[in-house]
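Peer 1: First the structure, which I've put down as structure tokens, then a few questions once you've had a look.
The values are calculated or read from the model by the stated rules, or taken from the named source; none is laboratory data. Just so it is clear, the structure is predicted and the values come from calculations on it, not from any experiment. Here the Cβ positions follow ideal geometry from the backbone for every residue, glycine too, while neighbour counts run over all protein chains shown.
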Amino acid sequence: MSDPSPIPIVVRHPRAPARFTLRALGVEQGLRLLACFAALGLRELAARPLDWLVGAPRREARRAARRAAAARRVARTLGELKGPFAKAGQFASLRYDVLEPEVREAFAALQDRVPPLPYREVAAVIERELGAPVEALFAEFERVPIGAASVAQVHRARLPGGEAVAVKVQFPWLERSLRADLALAGALLARLGRRGAQFDHRRLFEEFAIGLAEELDFAREAEVAAEIAANLAGEPQVVVPGVRRAFSTRRVLTVDYVPAIPLHDLARRGVPARPVLETLARAYAKQVFVDGLFHADPHPGNLFVVDEPEAGVRPRVLFVDFGLSKRLAPRLRRELRSGIHALLRQDVEGFLDGMERMGMIASGARSEVRSAVVGMFARIRGEGALFGLAGAQVLALKDEAKRLLAETQGLQLPNELLLYAKTLSYLFALGEQLDPRADLMRISLPYLLRYLAERD
């Protein structure tokens with residue numbers, strides 16, 4: 001349950017400790033990145049002469065292995081730097097239109113977790129934000145976090161009244177260092193771009209910066225969680241933890257702690273997968289197609305089943321962490337609807353017109369993009385009725401779309417659309433993994449048809 005207290009979310013602007021001055025100026029992170037790339041450069045200089053001692057196939061294999069190792073080294077450095085750097089890696093892992101495959105694959109690991117901060121740093125943030133020591137605010141507070149991500153880490157705790165809560169604490173330097181971090185992250189994204197790729201770097205970076213600013217505002221996250229909970233109130237098998245507003249600010253977010261079972265552990269715990277998948281399909285279809293506001297980070301660390309005696313018979317799905325949530329702009333919703341109608345009519349030119357209205361096609365690239373779209377339409381037509389596709393067919397089409405996006409020059413998708421596609425593809429991939437017989441398209445179809453029937 002949400003805290004019934006009328007106390008509003010506290011908004012403070014505390015001064016971060018002086019020890020973060022170098023970070024705020026960009027010195028610390030700049031030196032770390034410089035050291036990383038210098039080490040990679042020296043390794044490449046030492047290895048390249050040896051390439052010519054082997055044949056062409058082995059030479060290319062050696063170079064590919066070095067590129068992959070370099071990408072992993074950069075990803076590790078970004079994870080250690082946290083904040084905008086880890087977020088830049090996560091953002092980059094979605095950009096099939098901009099980055100090389102080995103870079104995206106290395107950065108995909110940043111979707112899971114990053115190294116946590118020591119407890120003393122976390123306690124200092126809580127004290128500055130809530131105005132009292134941790135021991136005075138909480139009856140219990142576990143020093144070891146239950147999770148650490150790119151902008152915050154989460155600790156279990158108990159309120160003075162005994163209620164179990166999860167406390168999400170933002171890393172302390174982020175607000176002060178944001179400008180410097182964004183400048184360095186922007187330069188890094190430009191450097192990592194695929195050779196020869198045509199893309200609007202400024203637009204891409206603006207999308208990234210706007211999304212990051214939203215994630216750093218925990219007051220916004222609290223409001224989004226409440227709105228999504230209200231939108232899904234008609235689905236009794238969905239649980240969204242309530243916010244404890246008296247213990248929350250823009251940089252500390254305290255929510256009810258709900259014991260949970262990871263999705264990969266359902267079989268061992270005797271929880272049937274099909275009703276879990278059906279609940280997820282209904283919840284996401286409503287968020288995406290009806291509400292236009294959706295939880296956009298559906299990885300295994302954010303979706304669970306509530307651990308309760310009824311889980312083996314009537315499982316409830318738990319959504320956590322609404323930092324990465326997206327509200328599709330009305331214009332994008334209209335164009336997406338028009339694009340689906342064009343796909344159903346096999347109207348290639350109408351589909352391309354919509355893409356151009358949304359700035360998805362670089363100047364002079366329509367012909368090449370048209371060839372890719374024609375091939376994609378033919379592939380979809382060959383699969384049969386669009387709304388009757390099984391999960392494996394949807395995933396095969398997703399892989400084909402990713403390939404076309406990576407190979408087609410002059411094609412660039414808005415980040416909101418990529419998150420939209422990632423969310424739906426994750427759901428179908430989860431269905432194939434947990435229970436391939438679950439018909440997620442059938443469950444989603446009423447919501448999709450309702451969306452397609454809307455009038456602009």
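Residue by residue, here is whether (1) under 26 Å from Leu184 (Cα atoms); (2) under 19 Å from the mean Cα position of the chain (by Cα) holds:
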{"residue": "Arg202", "(1), (2)": "yes, no"}
{"residue": "Glu215", "(1), (2)": "yes, yes"}
{"residue": "Ala222", "(1), (2)": "no, yes"}
{"residue": "Leu232", "(1), (2)": "no, no"}
{"residue": "Arg244", "(1), (2)": "no, no"}
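Peer 1: When both residues are 6+ apart or on different chains and their Cβ atoms are under 8 Å apart, which pairs have a first residue that lies in the stretch 325-352 and is free of Cβ contacts under 8 Å to residues at least 12 places away in the same chain, and a second that is surrounded by 20 or more Cβ atoms within 10 Å (Cβ to Cβ) and assigned to a helix (DSSP H, G or I)?
Peer 2: Nothing qualifies.
Peer 1: Let me ask something else about it. Hey, could you check the stretch 86-119 for residues that are assigned to a loop (DSSP other than H, G, I, E, B) and modelled with pLDDT of 70 or more and say which is nearest to Phe171 (Cα to Cα)? Full working, then the answer.
Peer 2: Taking the stretch 86-119 first, the residues assigned to a loop (DSSP other than H, G, I, E, B) are 94-98, 100, 112-118.
Keeping just the survivors that are modelled with pLDDT of 70 or more gives 115-118.
Working: Pro115: 12, Pro116: 9, Leu117: 8, Pro118: 11 Å.
Filtering first and then ranking leaves Leu117.
Peer 1: Same structure again: Any residue in the stretch 276-294 that is buried (at least 22 other Cβ atoms within 10 Å of the Cβ), hydrophobic (A, V, I, L, M, F, W, C) and either assigned to a strand (DSSP E or B) or on the phi > 0 side of the Ramachandran plot (or both)?
Peer 2: yes
Peer 1: Within the stretch 165-275, considering only helices (runs of 4 or more DSSP H) that don't extend past its boundaries, which have at least 2 residues that are at pLDDT 85 or above, crowded, with 18+ Cβ neighbours inside 10 Å and of a type in the set (Val, Ile, Thr)?
Peer 2: Working: elements: 174-191, 201-215, 218-231.
Qualifying helices (runs of 4 or more DSSP H): 218-231.
Peer 1: If I filter the stretch 149-164 down to residues being under 20 Å from the mean Cα position of the chain (by Cα) and part of a loop (DSSP other than H, G, I, E, B), which single residue comes out as modelled with the highest pLDDT?
Peer 2: The selected residue is Val151.
Peer 1: On to the next question. How do the pairs read when you match residues in the stretch 289-311 that are touching a residue at least 24 places away in the same chain (Cβ under 8 Å) with residues anywhere that are assigned to a strand (DSSP E or B) and of a type in the set (S, T, N, Q), using Cβ under 9 Å and keeping only pairs 6 or more apart or on different chains?
Peer 2: These pairs meet every condition: Leu293/Ser325; Phe294/Ser325; His295/Ser325; Ala296/Ser325; Asp297/Ser325.
Peer 1: Considering (1) more than 21 Å from Arg437 (Cβ to Cβ); (2) in contact (Cβ under 8 Å) with a residue 24 or more places away in the chain, say which one Pro275 fails and leave the rest.
Peer 2: So the condition that Pro275 fails would be (1).
Peer 1: Could you list, ordered by first residue, the pairs with Cβ atoms under 7 Å in which the first is in the stretch 42-62 and within 17 Å of Glu102 (Cβ to Cβ) and loosely packed, with under 10 Cβ neighbours inside 10 Å and the second is of a type in the set (Ser, Thr, Tyr) and at pLDDT below 85, at least 6 apart or interchain?
Peer 2: Taking only residues 6 or more apart or on different chains, not a single pair turns up.
Peer 1: Identify all residues within the stretch 406-456 that are modelled with pLDDT of 80 or more, surrounded by fewer than 16 Cβ atoms within 10 Å (Cβ to Cβ) and not in a helix (DSSP H, G or I); write none if there are none.
Peer 2: Correct list: Pro436, Arg437, Glu454.
Peer 1: Please verify whether the stretch 379-397 includes one or more residues that are touching a helix residue (DSSP H, G or I) at 6+ places or on another chain (Cβ under 6 Å), surrounded by fewer than 19 Cβ atoms within 10 Å (Cβ to Cβ), in a helix (DSSP H, G or I) and modelled with pLDDT of 75 or more.
Peer 2: Checked against the condition, which is being touching a helix residue (DSSP H, G or I) at 6+ places or on another chain (Cβ under 6 Å), surrounded by fewer than 19 Cβ atoms within 10 Å (Cβ to Cβ), in a helix (DSSP H, G or I) and modelled with pLDDT of 75 or more, the stretch 379-397 yields at least one hit.
Peer 1: Then there's this: Quick one: Ala68 ticks every box in (1) crowded, with 17+ Cβ neighbours inside 10 Å; (2) farther than 20 Å from Asp181 by Cβ bar one, so which box is it?
Peer 2: (1)
Peer 1: Does the stretch 356-364 include one or more residues that are buried (at least 16 other Cβ atoms within 10 Å of the Cβ), assigned to a helix (DSSP H, G or I) and either at pLDDT below 80 or in the same structural domain as Asp265 (by TED's automatic domain parsing) (or both)?
Peer 2: No, because not a single residue in the stretch 356-364 is buried (at least 16 other Cβ atoms within 10 Å of the Cβ), assigned to a helix (DSSP H, G or I) and either at pLDDT below 80 or in the same structural domain as Asp265 (by TED's automatic domain parsing) (or both).
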